[in-house]
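Before any comments, here is the structure.
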Amino acid sequence: MKEEKLITVPEEHLGSLEKRLADLRMLMDVSSIISSTLDFNELVSLVMEKAKEVMHAEACSILIMNRKTGKLEFEVALGTDDTQSEILTKHVTLNPGEGIAGWVAQSSEPVLVSDAARDCRFFGQADSLTGFTTRGMIAVPLIGRSGLIGVAEILNPIEKSCFSEYDLEIFQSLCRQVAVAMENAIFHKESIEREKLSQELELAATIQKSFLPELAVSVRGRISLSGITFPAKHVSGDLYDFVEPVPGKAGMIIGDISGKGVSAALFMAKAISEFRYLMIGIDDPGIVLGRLNRQLSNAPRGMFLTAVYAIADTQSGRVKVAVAGHPPFLWITKNGVQVMHPDAGPPIGIIDTEFPVTEHALEPGDRLLMLTDGVFDAKNSEGARLGFDEITEFVAGHRHAQQLPDMLAEFVNNFAGGADRADDLTVSELRYLA
Amino acid sequence: MEFDVQEYKGSRVIYLGGEIDMHSSPLLRDALLDTIRDKPAKLIVSFRNVSYIDSSGIATFVEGLKHMKTYSGRLQFSEIPKGIMDIFSFSKLDKVFEIFADLDEALSR
């Protein structure tokens, strides 16, 4: 049998050991809370509630660094009443260096303040607005792998006049865990938001594709129309369409909305819908572009549409063309390629104007190739741009190829290599069949 | 992108530089709208050091022009490099903006 020994421990020391044991339990509790949720708001509230309880503080708060504004904003304020908390979260922000929390954010150093009123860094405005009186406090920076996340504070110790160095040590241990957990929660939240956005954009891209012709090729009489488009992002500001404005005529429009992304895609949807309504029964592309111009004149943020609208006689091959600020198109004959700069109007949606019409008589086998600036403005990984002359040269060298729009798109994609496409890319072709 | 506003012979001139594309045009928009907030009668933009401008950059100037037209202000372009002038020409933007060879010509009109 082992002999038991009795050890005498002073009551004061025993109390201290019990306190340390309680603090260790608190840190383990916090660790368990941290691993129980990835919900940022829930995490912050749970952890700070626990901190307030264990640190025996009247109040505690967390300020988060807003990376866009560079200011500290109150994320949570516990211990104050709801009104005080709302005032802090909605109306109080701190610049780096401003107030004790601002000083902690700027210096990345923790601070223990025994008497706030005597500390020159103290920002009294928060107390004035809320009616809360700050006596003593500890403020600790929350630092993650990517830098400062924010600042955590506990205010006014209960049953003692000021916090101790030991309290600071415990609060720092807690905040190290909180910072890691907050960063994980932020990454998790951002990753969910990115995934959600990506799904939304995929859906938007599917809807947008439904605005374009269902078939890539449309044949009316002796006129064959085809088109191909690649968006720079999920959705595109480019458009093309094949229509029959009047019997015996085939119409083809190609257009490019200024800018890119969702705003350009929404404006594209409006533009193509308006065009389909306005072109019905009109055998003059200039009149249609003029009406479209008036319809889109109130576009937000200076947005505009450049476009070429061609109407071809499905038997004779005569083509009427109106241009609104769009890049030149290429006329491909059996002998070569001609760059066409017909008389034109400015882009649609900017000023009240008219759009001149030019007429062209195609020979059997001739083709009109139209493109958006994403084709010749394509950039490779070295930053070099393709250029219109290179496009013309490529087209001239492949002018007898049947799938010229696809080949041209492939040529541009190969030039860009792995570089992210900066602009939408669209090629459309009007061919007078031999 | 560089954006600098200076006075030249009593008129306000924006000296632009670099590439103006979808990444830089939001900055251009903020700076341009800020410059025309106090409704200058005339605003000249020097494109001398601009190497590239895409449609989002042009749309920003269209927005600025529409703002200025509400109080009969004039937005003038000058010193446009050839590569950019080619884009302005085929886009028929010379029907939209007042374009001049240099600052003095813009000032005299």
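Observations on the structure shown:
- Selected residue (only one of B:55, B:25 is open to solvent by less than 60 Å² (accessible area, probe 1.4 Å), at the interface with chain A (Cβ under 9 Å from one of its Cβ atoms), of a type outside the set (Val, Ile, Thr) and without any contact (Cβ under 8 Å) to a residue 12 or more places away in the chain): B:55
- Test: residue in segment A:345-352 that is open to solvent by less than 40 Å² (accessible area, probe 1.4 Å), in a strand (DSSP E or B) and either over 29 Å from residue B:94 (Cβ atoms) or not hydroxyl-bearing (Ser, Thr, Tyr) (or both): yes
- Inter-residue pairs, beta-carbon under 6 Å, first closer than 26 Å to residue A:223 by Cα and in segment A:364-386, second part of a strand (DSSP E or B) and charged (D, E, K, R), 6+ apart: A:367/A:429; A:367/A:431; A:369/A:429; A:372/A:238; A:372/A:256
- Any hit, segment A:400-407, residues being in the same structural domain as residue A:253 (by TED's automatic domain parsing), closer than 16 Å to residue A:254 by Cβ and open to solvent by 30 Å² or more (accessible area, probe 1.4 Å): yes
- Failed item in (1) assigned to a loop (DSSP other than H, G, I, E, B); (2) within 14 Å of chain A (Cβ to nearest Cβ); (3) modelled with pLDDT of 95 or more, with residue B:80 passing the rest: (2)
- Residue check, residue A:357 modelled with pLDDT under 95, β-branched (Val, Ile, Thr), surrounded by 16 or more Cβ atoms within 10 Å (Cβ to Cβ) and assigned by TED's automatic domain parsing to the domain that holds residue A:415: no
- Against the test of being under 17 Å from residue A:433 (Cβ atoms) and either at pLDDT 90 or above or in the same structural domain as residue A:377 (by TED's automatic domain parsing) (or both), the options A:239, A:215 yield a single qualifying residue, A:215.
Conditions (1) under 33 Å from the mean Cα position of the chain (by Cα); (2) surrounded by 16 or more Cβ atoms within 10 Å (Cβ to Cβ); (3) away from chain B (no Cβ under 14 Å); (4) of a type in the set (A, V, I, L, M, F, W, C), marked per residue:
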site: A:249; (1), (2), (3), (4): no, yes, yes, no
site: A:260; (1), (2), (3), (4): yes, yes, no, no
site: A:287; (1), (2), (3), (4): no, yes, yes, yes
site: A:292; (1), (2), (3), (4): yes, yes, yes, yes
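- Of all residues in segment A:300-328 being more than 14 Å from chain B (Cβ to nearest Cβ) and charged (D, E, K, R), the one that is most open to solvent (accessible area, probe 1.4 Å): A:318
- Among the residues making up segment A:88-127, those that are assigned to a loop (DSSP other than H, G, I, E, B) and in contact (Cβ under 8 Å) with a residue 40 or more places away in the chain are A:108, A:110, A:114, A:115.
The values are calculated or read from the model by the stated rules, or taken from the named source; none is laboratory data. Because the structure is a prediction, the values reported are computed rather than measured. Neighbour counts are summed over all protein chains in view; Cβ atoms, including those assigned to glycine, are modelled from backbone coordinates with ideal geometry. Just so you know, the surface numbers come from the protein's heavy atoms only, side chains and all, with ligands and any DNA or RNA stripped out. Shrake-Rupley method; radii C 1.70, N 1.55, O 1.52, S 1.80 Å.
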